[in-house]
Amino acid sequence: MIREILRCIVLNKRNELSKRYKSQPFMSAIKRNFRVGLFDIDFNMHINNSRYMVFMERARWDHPLQTDTWDVMLKEKLNFIVAGIEMGYIREIRVGKKFHVESRYLGWDDKYVYLEQRFIADGKIHAYGLVKGIFLQQGKKALPQDAAKLLGITRAPEALPEHMELWKRLAIAKREYSTASH
């Protein structure tokens, strides 16, 4: 990820200097383009399941660059930490194929921030990930609404979509099941 951090520093500086660069709103869908390489595939010649997580991470690093929140996050020592991921695989993405990952923050509750990441090639969704995370500020957990204020989000998001609410309930059920005595 060191390479990704260096890339972000360079792109952030380029964005600052460019007169053509236009920032996106924080809650909008942010796209990052990729191409499936030889190190991304398995014996089936398509993206290995674990590599999807790497693409998701790289796309999340791109989000503050495209929303002009990179400098704020550095200044405020604000860091996004993944607390859970739910993946769905619909279609394979084969070696050499161009695709993009679309990342969109959907909202937050009193503990977590939720985002959705979709893998799109040829205008079709090939995979999707639901991500919940927290923001750490100076190494301590920041309330989602406090992080939102720091990031310039002036209005509360709409209610989380139904599928996110279902996922939240499933996570609670799994946690209760795993801690129950058997």
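Points to keep in mind about this one:
- FRET efficiency, THR154 to ASP109 (Cβ-Cβ, R0 25 Å, nearest 0.05): 0.85
- Low-density loop positions, GluC sites (Glu not before Pro), the stretch 110-182 - DSSP coil, at most 14 other Cβ in 10 Å: GLU158
- Zone of GLN138's modelled label, taken as backbone nitrogen in the stretch 59-91 under 18 Å from a point 7 Å along Cα→Cβ: 72-80
- Mean ellipticity per residue at 222 nm, deg cm²/dmol - from DSSP H runs of n ≥ 4 across the chain, formula -39500 (n - 2.57): -11500 deg cm²/dmol
- In a reduced charge model with +1 at each Lys and Arg Cβ and -1 at each Asp and Glu Cβ, the chain shows a dipole moment near 580 debye about its Cα centre.
- The stretch 1-120 - convex hull of the alpha-carbon atoms, volume per residue in Å³: 125
- Long-range HN-HN contacts of HIS126 with modeled amide H, under 5 Å: PHE119, ILE120, ALA121
- Here the Karplus curve 6.51 cos²θ - 1.76 cosθ + 1.60, taken at θ = phi - 60°, turns the phi angles of the stretch 105-121 into couplings of 6, 9, x, 8, 10, 6, 10, 10, 10, 10, 9, 10, 10, 10, 9, 10, 9 Hz, with x standing for Gly and Pro.
Readers should treat all values here as calculations from the given coordinates under stated rules, not as data from a laboratory. Worth saying up front: this structure is predicted, and the values here are computed from it rather than measured. Virtual Cβ from ideal backbone geometry, glycine too; neighbours counted across all protein chains shown.
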